[in-house]
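*Asks:* Structure below; questions to follow.
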Amino acid sequence: MHKLILFIKTYEPDFERVYKLLDSIDKFNKDNIPVFISVNDEHFDRLKLDCFEKYKVYKDSEITKTTITEGWRYQQIIKSNVYKLNICENYVSLDSDSIFIKDFYFSDFMYDDKTPYTVMQESKDLLEMSERVGIDSDTVFFKRALRDTRPFFGNTGKEWDFGPSPYIWNCTVWQHFNDVFLKDLNLTFDDFFAKIDEKSYSPSEYAIYGEYLLKTRLIDILPIGSLFKVYHYEKQFAIEEKQLTIKQLSKIYLGIIYQSNWQKKKKKWFLF
């Protein structure tokens, strides 16, 4: 069993992005951390042949089954159940719109052989940027998701952001959440998502993971900030694009994410 893997959930509309992400992994993955990919069943055979030769590729159904079909919710279910493959102790969950920009190592994600770092921060830079582009910082996604999720776990205190992506997740935490917490409530993962939806906004897999880890302390919590520079908003990119070079950003971050929900509208690659 691997101590750590890189896990990418993708589907056909994001294949061009995921190929660029994989190219960046091939270039910068200095410790040869194993790469695993999961693809929607109906798109599985459309992935480039060399992906099957270079990486381990799964159909989503090999990981878990879900009744949820809405894309952004569906992919959260798949990513949260990687532990069922029994292939690793920890994994870095990467989105297709990510790209590495510098050499990275096992030690960037793991404190030691047993303990992963946990992305856990107040994200004041995101809150500040939200206000700058005209978005109420009290309504950013991580705060809304946290407020809908936290009551299930009884946590109090600061409103932590357990993102942004990439996330570093421990399989024991996810397995315990499913096999103990949800079992005691007689709920499936899908049921739990639906209950959060009922509250007001939406489920977030990283809020669930982080709040459950806070509740249980199943592993030591060693907080770190964002692994990647994330351009959350198109207006943010317009403000910041000429302020720092990729070389400067690489002194601070392992990679960059241009959120695909607005980047696709641009129909161009900013870095690639």
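*Asks:* Based on the alpha carbons, how large is the Rg to Rh ratio for segment 49-113 when Rh follows Kirkwood?
*Replies:* Dividing the radius of gyration by the Kirkwood radius yields 0.99.
*Asks:* In whole angstrom, note down how far apart the Cα centers of segment 12-69 and segment 127-142 are.
*Replies:* Distance between centres, Cα-based: 32 Å.
*Asks:* Mind putting together the pair-distance distribution for segment 122-241? All Cα pairs, 5 Å bins, whole percent per bin, short to long.
*Replies:* Computed distribution, short to long bins: 2, 10, 20, 22, 19, 13, 8, 5, 1, 0.
*Asks:* Longer than 22 Å from Cα to Cα, which of LYS30/LYS247; LYS27/LYS235; LYS124/LYS229; LYS9/LYS229; LYS3/LYS54 are they? Say none if no pair is.
*Replies:* From the list (LYS30/LYS247; LYS27/LYS235; LYS124/LYS229; LYS9/LYS229; LYS3/LYS54), the Cα-Cα distance tops 22 Å for LYS27/LYS235.
*Asks:* For segment 1-145, evaluate the Debye formula with one uniform point scatterer on each Cα (no solvent term) and list log10 I(q)/I(0) at q = 0.13, 0.14, 0.17, 0.18 Å⁻¹, rounded to two decimals.
*Replies:* Listed by q, the Debye log ratios stand at -0.69, -0.79, -1.09, -1.18.
*Asks:* Of all trypsin sites (Lys or Arg not before Pro) in segment 17-63, which ones are in loop regions per DSSP and have a Cβ with at most 15 other Cβ atoms within 10 Å?
*Replies:* LYS30, LYS48
*Asks:* For a footprinting-style exposure proxy, rank ILE208, ILE224, ILE252, ILE168 by other Cβ within 10 Å, fewest first.
*Replies:* ILE252, ILE224, ILE168, ILE208
*Asks:* Just need the relative contact order of the chain here, percent rounded to a whole number, with Cα pairs under 8 Å and 6+ apart.
*Replies:* Here the relative contact order equals 23 percent.
*Asks:* Separate question: For ARG46 and ILE246, compute 0.36 nm times the residue count separating them, minus their Cα-Cα distance, and round to one decimal in nm.
*Replies:* Length gained, ARG46 through ILE246: 68.8 nm.
*Asks:* Suppose each label sits 7 Å from its Cα in the direction of the beta carbon; what would the LYS158-LYS84 distance come out to in nanometres?
*Replies:* 3.5
*Asks:* Now for a separate question. Given the options THR188, THR69, THR118, state which has the largest fluctuation in a GNM of the chain using a 10 Å cut-off (strictly under) for Cα springs.
*Replies:* Comparing THR188, THR69, THR118 in a Gaussian network model of the chain, the most mobile one is THR69.
*Asks:* Shifting gears a bit: What are the equivalent ellipsoid semi-axes of the chain, built from the alpha-carbon gyration tensor (square roots of five times its eigenvalues), in whole angstrom, biggest first?
*Replies:* Equivalent-ellipsoid dimensions as semi-axes: 26, 24, 19 Å.
*Asks:* Something else now. Relative to the compact globular guide of 2.2 N^0.38 Å, what is the alpha carbon radius of gyration of segment 122-177, as a ratio?
*Replies:* That ratio works out to 1.31.
*Asks:* Among residues other than GLY225 whose Cβ falls under 10 Å from its Cβ, what is the net charge (Lys/Arg +1, Asp/Glu -1)?
*Replies:* Neighbourhood net charge equals -3.
Every number here is computed from the coordinates shown, using simple stated rules; none is lab data. These figures come from a predicted structure and were not determined experimentally. Heads up, the Cβs are rebuilt from the backbone with ideal geometry, glycines too, and the neighbour counts pull from every protein chain shown.
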